[in-house]
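Since the structure comes first, as structure tokens, the remarks are kept for the end.
All of the numbers you see were taken from the coordinates with simple rules; none came from a lab. Worth saying up front: this structure is predicted, and the values here are computed from it rather than measured. Cβ placement follows ideal geometry from the backbone for every residue including glycine, while neighbour counts extend to all protein chains displayed.
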Amino acid sequence: MNNLKKRIPLLTFVLAAVFAFAFTQPKTSSMDVFGTEDEITWYIIDEDATLGVDYRCDQSIEPIHCLYEAPDRTTGNPVGPIEREFVLLNPNLPTVD
């Protein structure tokens, strides 16, 4: 019984790790990401959009990201390195309604 009590923290950690993997959705490369120049109009950057043709991620001194997983800088997880600014090159990219 005493041996089991010593292993409870380890069992708890293993159980937490199992649940973390079980309930985490894997990220695929085909997930859409979003970019904005003005935080009002968000553009959908899907697998058809091409970096350098449809948009750019220019260097910036501001602590912002070029692309986000959701169309909101405060709640969307950033994608890619920090200090990159989204620049629209193709005004025909689809927008978020």
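Put a plus charge on the Cβ of each Lys and Arg, a minus charge on the Cβ of each Asp and Glu, and nothing anywhere else: the dipole of the range 33-88 about its Cα centre is then about 140 debye. Once C-alpha pairs closer than 8 Å and six or more residues apart are averaged by separation and normalised to the residue number of the chain, the relative contact order reads 27 percent. Take the chain, drop everything but the C-alpha atoms, weight them equally and run the Debye formula without solvent; then report log10 I(q)/I(0) at 0.16, 0.24 Å⁻¹ to two decimals. For the requested q values the scattering log ratios are -0.70, -1.23.
Quick one: work out the % antiparallel among DSSP beta bridges in the chain, nearest 5. Just about 95 percent of them are antiparallel. When the charge dipole of the range 33-88 is built from unit charges on Cβ atoms (+1 for Lys and Arg, -1 for Asp and Glu) and taken about the Cα centre, the candidate among THR75, ILE61, TRP42 whose Cα reaches farthest toward its positive end is ILE61.
Exposure proxy ranking for GLU47, GLU85, based on other Cβ atoms within 10 angstrom of each Cβ and starting from the fewest, stands as GLU47, GLU85.
Show that you can apply the helix-only estimate: for the chain, add -39,500 (n - 2.57) for every DSSP H stretch of four or more residues, divide by all residues, and state [θ] at 222 nm to the nearest 500. Mind showing how you got there, number by number?
On the way: 1 runs with 21 residues, N = 97.
Helix-only estimate at 222 nm: -7500 deg cm²/dmol.
Relative to the dominant Cα principal axis of the chain, helix 2-22 is inclined by about 20°.
Defining a contact as two alpha carbons under 8 Å apart and six or more residues distant in sequence, what relative contact order in percent does the range 33-88 show?
41 percent.
Determine Rg/Rh for the range 33-88; Rg is computed over alpha-carbon atoms and Rh is the Kirkwood hydrodynamic estimate from the same atoms.
0.91
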